[in-house]
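To start, the structure under review is shown below, and the notes come after it.
Just so it is clear, none of the values below were taken in a lab; they were calculated from the coordinates. If you're wondering where the values come from, they're calculated on a predicted model, not measured in any experiment. Heads up, the Cβs are rebuilt from the backbone with ideal geometry, glycines too, and the neighbour counts pull from every protein chain shown.
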């Protein structure tokens with residue numbers, strides 16, 4: 001697991017229900033989905049900029065931080081890709097087909113200073 005200093009990160013904190021948190025922790029779910037609505041577009045774009053195919057904000061790592069319920073994030077992943085697309089999600093995981101922001105999860109990281 002890669003260790004990244006907190007001051008070198010732009011962390012997008014996301015709250016998950018226990019089921020989704022556990023699937024991501026187990027490595028079964030490798031993407032996180034958010035409805036393609038103005039609320040999420042504004043929130044996600046606040047953290048992200050795509051420059052030459054690399055996700056960074058002024059030399060900072062883009063990290064997605066997950067929490068199980070409403071508490072401080074405690075599971076972190078590098079962002080592998082970000083896109084808006086119509087996706088067919090596993091029926092157990094949500095809507096069968098609709099527009100979503102898709103956050104592809106890369107390597108799990110440890111945030112130093114947390």
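With both labels modelled 7 Å from their Cα along Cα-to-Cβ, the residue 99 to residue 25 distance reads 3.5 nm.
Sorting 81, 7, 100 by the number of Cβ atoms found within 10 Å of their own Cβ, with the fewest placed first, yields 7, 81, 100. Listed from fewest to most Cβ neighbours within 10 Å, the set 46, 72 follows the order 72, 46. Our estimate of slack between residue 37 and residue 107, defined as 0.36 nm per intervening residue step minus the Cα-Cα distance, is 22.5 nm.
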